[in-house]
């Protein structure tokens, strides 16, 4: 489990092809590896990876064919910068929102607009995920917990403050950059709970449905 608060930025230092999957090594001089052990989880651009090898400045992980199919890891090259977050502890301060590290889809940067010291980022919205992306709700973008500030029919807007830009890979975003999306897990479970006894319903979560089930 993660919170979407990035601890460090690393880079891909090695990629090894193994049939349909790969082994990847990510290095970082700024992430504290002193409390990391084999089998631990580290969110890498929002993807939960299991540590299979470890040094004082890097870790290795296997990336399955399933992960390659749903993420951008198959397109990454040596030097690719990666947002990193170690799995949270029960005693950790919960600074972001609940993040599982399971990517739901990818999105494309379609507009970048400076506004004062902030940066407005517009992202395409995959049709299958649109129902989970809400105004002032939370979304994870390349592992970063962010607030949705506007939602249109096929895109949504994020406001990036200077600190976030400085501590993550946001500064490298360009028009056309593909990023990983993970929607709010609470929205997914809420939808499942409201549909479990009514599988024939296809319209998703609506205000009327929530009222009918006693949520409103």
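The values are calculated or read from the model by the stated rules, or taken from the named source; none is laboratory data. Source: prediction; values computed, not measured. Because the Cβ atoms are built from the backbone with ideal geometry, glycine has one as well, and the counts that use them run over all protein chains shown.
Listed values, structure above:
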read-out	value
Meets criteria (over 15 Å from residue 106 (Cα atoms) and touching a residue at least 24 places away in the same chain (Cβ under 8 Å)) for residue 188	yes
Hey, residue 39 on the phi > 0 side of the Ramachandran plot and touching a strand residue (DSSP E or B) at 6+ places or on another chain (Cβ under 6 Å) or not	no
Segments classed as strands (runs of 3 or more DSSP E), wholly inside region 39-111, with at least 2 members that are within 30 Å of residue 148 (Cβ to Cβ) and in contact (Cβ under 8 Å) with a residue 60 or more places away in the chain	41-44, 81-86
Restricting region 8-35 to residues that are crowded, with 17+ Cβ neighbours inside 10 Å and assigned to a loop (DSSP other than H, G, I, E, B), the residue that is farthest from the chain's Cα centre (by Cα)	33
Some residue of region 133-144 being within 30 Å of residue 34 (Cα to Cα), part of a loop (DSSP other than H, G, I, E, B) and modelled with pLDDT of 95 or more	yes
Criterion: closer than 23 Å to residue 85 by Cα, outside the structural domain of residue 81 (by TED's automatic domain parsing) and part of a helix (DSSP H, G or I) - qualifying residue of 164, 147	164
Residue among 103, 99 that is touching a helix residue (DSSP H, G or I) at 6+ places or on another chain (Cβ under 6 Å) and either within 21 Å of residue 31 (Cβ to Cβ) or assigned by TED's automatic domain parsing to the domain that holds residue 144 (or both)	103
